[in-house]
Structure formats: C-alpha cells, structure tokens
Amino acid sequence: AAARTAVTILQAEGAAARQTRRDQERRAATLAASIGERERTLADLVRRRALLDQRRETDTAEQERAAASTAERTTRLDRLAAELADFPAMTGRALVDEVTCPARYELIPTESEERCHLAVYDFGVKRNILRSLTERGARLTVLPARTPASECRALGVDGVILSNGPGDPEPLTGIVEAVRELIGAGIPTFGICLGHQLLGLALGGSTFKLGFGHHGGNQPVHNLLTGRVTITSQNHGFAVDPASLPPSCRVTEVNLNDGTVEGFDVAGKPIFSVQYHPEAAPGPHDASPLFDRFLAAVGA
C-alpha cells in the first residue's frame, strides 16, 4: 500500500511539473508574440515617422520653390508693368513720318491701259492699296506724307488717295491743311483709315481715342444708305466724332459693334472715306468695290 501511495504521489508531481512547463511555455509564447507585435508596431511607427519627415521635407521644398516662383513672377510682372508705364501713349503721337516714303515715285497700270492718274499720299500705305488701283488701270504718283498741296495740284492728277497709317491724326496739322486745300480745290478724294480721319479733320470735324480700338478681319459695318452689312478688316485706335462733322457731311456707314463712324461723304462732291480697309489681303473682300466707285468718281 505504501508503494502504491508513493507511485501515485510521483505521478501527481510529474503531472503538475508538466502542467507547469506547459503554462510556462504558453506564457513564453504569449510574451514572445506580444514582444513581436510591439516590435512590428514600433517598426511601423518608425516607417510612418520617416514617411512623414520625408513628406514634410518635400512639402517644405515645394513651398520654397513655389515662393521662389511667385517672387520671380512678381518680379517679371513688376518689370513688365514698369515697361508699360514707360511706353508712350498713342494719343498725341505723330507716327507717319516714321513710315512714309522718303521721295515720291511712280507706278504704272498692270492689268489694263491707263484710265486715270491718281496721287497717293503715303501715311504708311499698304501695298495692296497700290496694287488694287494699278490693277484697275490707275497710274499712281505716290507722295511723301508732308507733300504740300500745291505740289500735288501741280501734277494735274485726276484724284487723291489719302492712305492708311499709324498714330493719332490730330497732331498732323500740316497734313490736315494740305488735305483742306486739296478738297477746297474740288479734287476728288478718297480717304482710307487714317486718311478717313484726316479728311474728317480737314472738313472741320474732330477725332477721339477709342477705348480698345478695332482690330481684326471680322468687323461688321452697316451701310446706312443701302442697308447692307459688310464684313471688314480694321486696325485703328481713333475714330471721327460724327457730331463734329459739318452739315455738308453725311455719315454713310457705322460699326455694328459700337456705332462709331465707318464712312462719310460730302454732299455734291466726289469726296468720301471709310475707316476700314477695302484693300484687305487676304480678305475679307466685301469692300473692294470702293476702288471702282472712286475711279468712277474721277471719271475713269
């Protein structure tokens, strides 16, 4: 009996020892798992912190680049603003002397026999004005902008073309006087663009600076006599004041966009003008018949 009791005690002690080892192994495994999780969590935190630091550095660099770019743009804008502030206003600028021909020259008809002889005042004349006239049989004497009226009249021309050109027409007082003398002598006259404005001044009218000007090849013009709308090419910053024109002048055309004067004529005289470009190349060509109208007016 004593022996069986001793065996039972030994078996119980062995079972308890095994259970203790299992408990210790479980605790060790649990501890190891916990330590591993904490290590993984710590490693993840370290990676996240590194990413945040990297992103912060990137954001800082981008902000610095953005600030530098903004400063550079501001500097450029300030420089451009200063250049614009120094650029002279168009009002009051007489620019035709910079673009007119240095001496008079002749052009002969190219497509037909000579039908008439015209003087063309070159205020910056477009080549296609000259081409449009010579193709219709006109012999041309092209004159520098400040040619006296007496010299033009001495040529015995059948008519005068006042060409397009840049700048403000009002400072061109000497040219305006020459135009006034020519139309006073009854010479048929056709003004184009700047020439239109100079003719208005010579007749006693005035001009004014447009807010934005007319620029482009799609300007609609309404003919008040025929009701026809013409699409025209324009490039100008001044306009004739219709209220300033004398009663002998009749406004014949207006701009459909802003109502400004696009053409007028003089009652009973072969004198008319348009603000747009009938010679427009490559177009539109709606207004090219104006050259035929003027040749008819000079009896060609």
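Quick note: the coordinates plus some simple rules give every number you see, no bench work behind them. Please read all numbers here as calculations on a predicted model, not as lab measurements. Cβ: placed from backbone, ideal geometry, glycine included. Neighbour counts: every protein chain shown.
Would you calculate, for the chain, the mean residue ellipticity at 222 nm contributed by helices, counting each DSSP H stretch of 4 or more residues as -39,500 (n - 2.57) and dividing by all residues, to the nearest 500? Don't jump to the answer; show the numbers that get you there.
Details: 6 runs with 129 residues, N = 300.
The helix-only estimate for the chain comes to -15000 deg cm²/dmol at 222 nm.
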Among (1) 20.1, 60; (2) 23.2, 91; (3) 44.7, 163, the value of Rg and Dmax of the Cα atoms in Å computed for this structure carries the label (3)
Phi-derived 3J(HN,Hα) across region 67-84 with the Karplus relation (6.51, -1.76, 1.60, θ = phi - 60°), rounded Hz, x for Gly and Pro, is 5, 5, 5, 4, 5, 5, 4, 4, 5, 5, 5, 4, 5, 5, 4, 5, 5, 5
Neighbour-count ranking for 126, 209 (other C-beta within 10 angstrom, fewest to most) reads 209, 126
Taking a crude spin-label model, label points 7 Å out from Cα along the C-beta direction, the residue 105 to residue 82 distance in nm is 4.2 nm
Rounded to whole angstrom, the alpha-carbon centroid of region 146-181 lies from that of region 1-50 at a distance of 116 Å
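Once you have the Cα-Cα distance between residue 90 and residue 16, take 0.36 nm times their residue separation minus that, and quote the gain in nm to one decimal. Mind showing how you got there, number by number?
Working: separation 74, 0.36 × 74 = 26.64 nm, distance 11.01 nm.
Net length gain for the segment: 15.6 nm.
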Relative contact order in percent for the chain (Cα pairs under 8 Å, 6+ apart) equals 13 percent
Rounded to the nearest Å, the spacing of the alpha-carbon centers of region 57-112 and region 192-263 is 28 Å
Two pseudo-spin positions, 7 Å from Cα along C-beta at residue 48 and at residue 29, lie apart in nanometres by 3.0 nm
For residue 281 and residue 63, extending 7 Å from Cα along the Cα-Cβ vector and measuring point to point gives, in nm, a value of 6.1 nm
Per the rule of 0.36 nm per residue minus the C-alpha distance, extending residue 127 to residue 3 adds in nm 30.9 nm
Karplus-derived 3J(HN,Hα) from phi for region 219-231 (6.51 cos²θ - 1.76 cosθ + 1.60, θ = phi - 60°), whole Hz, x at Gly and Pro, runs 8, x, 10, 9, 7, 6, 8, 10, x, 6, 9, 10, 8
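With N set to the residue count of region 108-173, report its C-alpha Rg divided by 2.2 N^0.38 Å to two decimal places. Display every interim value, and only then the final one.
On the way: Rg = 12.4 Å, N = 66, 2.2 N^0.38 = 10.8 Å.
In units of the globular-protein estimate, region 108-173 measures up at 1.15.
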Output row, site residue 70, 7 Å Cα→C-beta label point, backbone N cut-off 20 Å, window region 45-61, residues 56-61
Sorted by chain and then number, the residues having a modelled amide H within less than 5 Å of the amide H of residue 137, at least 5 places away or on another chain, are 110, 111, 112
